[in-house]
Amino acid sequence: MEKKKVVVAFSGGLDTSYAVMYLAREKGYAVYAACADTGGFTPEQLQANRERALALGAESYVTLDVKEEYYRRSIRYMVFGNVLRCGTYPISVSSERIFQATAIARYAKEIGAVAIAHGSTGAGNDQVRFDMTFATLCPEMEIITLTRDLGLSRQQECDYLASGGFTADFKKLKYSYNIGLWGTSVCGGELLDSRLGLPEEAWLKPLTKSGGMEVTLGFEKGELTAVCGKPLPGVEAIQTLEKLLEGYGLGRDIHVGDTIIGIKGRVGFEAAAPMVILAAHKYLEKFTLSKWQQYWKEQLGNWYGMFLHESQYLEPVMRDIERFLESSQRHVTGTVTVSVSPLHFACTGVDSPFDLVNSPLGEYGEGHKGWSPEDAKGFIRLLENPLKLYYGRHPEELE
């Protein structure tokens with residue numbers, strides 16, 4: 001009799017390692033391990049994942065490369081919308097989960113699986129993101145979450161793996177990291193105490209450089225297309241800029257926010273390239289967009305980021321917001337100069353064919369060409385009228 005197939009969303013960590021062995025040994029599934037890579041694994045790590053999954057009892061292992069899809073369907077819209085959750089966090093981890101889950105669901109359907117398993121606990125946001133995506137894209141499949149449903153401890157999982165002849169260093173570290181194309185998150189350690197910040201040794205990319213440099217970022221219709229004059233496609237542009245900025249300690253911060261499950265959480269992050277790209281893009285928009293384009297983009301960008309974070313990427317309104325954001329970028333083309341130094345960067349200049357600062361109407365604070373002094377005085381008089389009307393009736397409020 002042919003075994004039923006289950007796909008395990010495999011990261012190579014303790015929880016998913018346990019799931020592979022348990023489902024193969026105890027439940028008799030044909031286990032297909034799948035790792036969805038959104039830019040957080042080296043080739044060596046992916047090879048180690050393959051060897052581990054097969055050693056644990058998986059019948060098959062596959063790496064699903066999701067970087068391009070993640071960029072095309074999420075990152076570029078986050079740039080268009082200047083998305084920073086609570087004005088701080090570039091939504092590094094939460095934005096990639098939906099595309100990992102989507103790739104896993106697609107693979108599960110392709111091989112005819114009857115179930116999908118993931119390693120989320122009951123204490124975080126990821127359980128919501130994976131469950132909702134799987135339930136939406138493949139509702140006919142069972143969702144298995146052993147760590148959450150069995151209330152397993154790390155020691156129980158380690159003991160079980162050892163009983164099956166598999167040992168590895170699953171020691172709980174002070175910090176846990178999630179690395180992706182759009183930044184690295186840092187959890188644990190001092191972040192569990194609201195009074196403390198992260199020490200230098202907590203960051204994966206230490207501050208090693210002194211002095212400064214200038215970087216130029218070229219944008220076409222809102223998308224980063226060149227770094228220091230070299231044309232590059234989206235994913236490669238991000239990776240190139242990240243490598244260029246390494247050692248300057250940029251893009252570090254600690255985000256405090258509301259989780260999907262209703263509690264507050266703290267997460268550190270280091271995202272040099274994302275933070276510089278977002279700042280440069282927003283700076284370019286100040287030169288090329290109208291006041292009201294910027295205003296409404298900010299409103300919709302905030303909503304887009306919130307829905308993305310809270311596992312609502314598949315809500316149809318997200319496609320409508322994406323259409324608005326993309327339309328708003330039709331004139332966001334040009335080159336931004338960024339000055340970089342240790343722990344600091346600043347946008348210093350823009351060169352764009354759509355620069356609205358260079359106007360034939362006048363130069364701010366210098367001279368006017370598009371109106372006369374009498375025009376200005378008449379405009380100001382009309383602008384005064386509502387205030388004169390109100391305070392004429394309520395003079396006591398001026399005292």
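At-a-glance table
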| read-out | value |
| --- | --- |
| Some residue of segment 266-277 being out of contact with any strand residue (DSSP E or B) (no Cβ under 6 Å at 6 or more places or on another chain) and either over 22 Å from G39 (Cα atoms) or outside any helix (DSSP H, G or I) (or both) | no |
| Looking only at segment 176-185, and only at residues there that are assigned to a strand (DSSP E or B) and either of a type outside the set (A, V, I, L, M, F, W, C) or in contact with a helix residue (DSSP H, G or I) (Cβ under 6 Å, 6 or more places away or on another chain) (or both), the one that is nearest to T42 (Cα to Cα) | G180 |
| The lone exception for S153 - which of (1) surrounded by 11 or more Cβ atoms within 10 Å (Cβ to Cβ); (2) not assigned by TED's automatic domain parsing to the domain that holds A271 it fails | (1) |
| Matching option when the condition is under 27 Å from V128 (Cα atoms), touching a Leu at 6+ places or on another chain (Cβ under 9 Å) and without any contact (Cβ under 8 Å) to a residue 40 or more places away in the chain, among G268, G189 | G189 |
| Residue satisfying condition, being crowded, with 19+ Cβ neighbours inside 10 Å and modelled with pLDDT of 95 or more, within set E285, E298 | E285 |
| One residue from L241, L198 being part of a helix (DSSP H, G or I), aliphatic (A, V, I, L, M) and in contact (Cβ under 8 Å) with a residue 24 or more places away in the chain | L241 |
| Answer from A34, A55 - the residue that is touching a residue at least 24 places away in the same chain (Cβ under 8 Å) and under 18 Å from D126 (Cα atoms) | A34 |
| Condition met for I98 (at negative phi, part of a helix (DSSP H, G or I), among the aliphatic types (A, V, I, L, M) and touching a strand residue (DSSP E or B) at 6+ places or on another chain (Cβ under 8 Å)) | no |
| Residue match in segment 209-223 (condition: surrounded by 15 or more Cβ atoms within 10 Å (Cβ to Cβ), touching a helix residue (DSSP H, G or I) at 6+ places or on another chain (Cβ under 7 Å) and of a type in the set (F, W, Y)) | yes |
| R330, sole failed condition from (1) at pLDDT 95 or above; (2) farther than 30 Å from R97 by Cβ; (3) out of contact with any His (no Cβ under 7 Å at 6 or more places or on another chain); (4) surrounded by 13 or more Cβ atoms within 10 Å (Cβ to Cβ) | (4) |
| Filter pass, S311 being within 44 Å of the chain's Cα centre (by Cα), modelled with pLDDT under 95 and not assigned by TED's automatic domain parsing to the domain that holds L207 | yes |
| Of all residues making up segment 244-264, the number that are surrounded by 16 or more Cβ atoms within 10 Å (Cβ to Cβ), more than 22 Å from S74 (Cα to Cα) and either among the hydrophobic types (A, V, I, L, M, F, W, C) or free of Cβ contacts under 8 Å to residues at least 24 places away in the same chain (or both) | 4 |
| Candidate set from segment 1-31 (those that are crowded, with 21+ Cβ neighbours inside 10 Å and among the hydroxyl-bearing types (S, T, Y)); member that is farthest from A55 (Cα to Cα) | Y29 |
| Selected residue (only one of A115, A162 is aliphatic (A, V, I, L, M) and surrounded by 14 or more Cβ atoms within 10 Å (Cβ to Cβ)) | A115 |
| Failed item in (1) more than 30 Å from R76 (Cα to Cα); (2) among the small types (G, A, S); (3) assigned by TED's automatic domain parsing to the domain that holds C228, with G378 passing the rest | (3) |
| Segment 132-144 residues that are without any contact (Cβ under 8 Å) to a residue 24 or more places away in the chain and more than 22 Å from A24 (Cα to Cα), paired with ones that are in a strand (DSSP E or B) and of a type in the set (A, V, I, L, M) (beta carbon under 7 Å, 6 or more apart) | A135/I143 |
| Single residue of segment 241-262 satisfying the filter (within 16 Å of V186 (Cβ to Cβ) and not acidic (D, E)) that is modelled with the lowest pLDDT | G257 |
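The values are calculated or read from the model by the stated rules, or taken from the named source; none is laboratory data. Here the structure is a predicted model, which means the values were calculated and not measured. All Cβ positions, glycine included, derive from the backbone under ideal geometry; neighbour counts span all protein chains shown.
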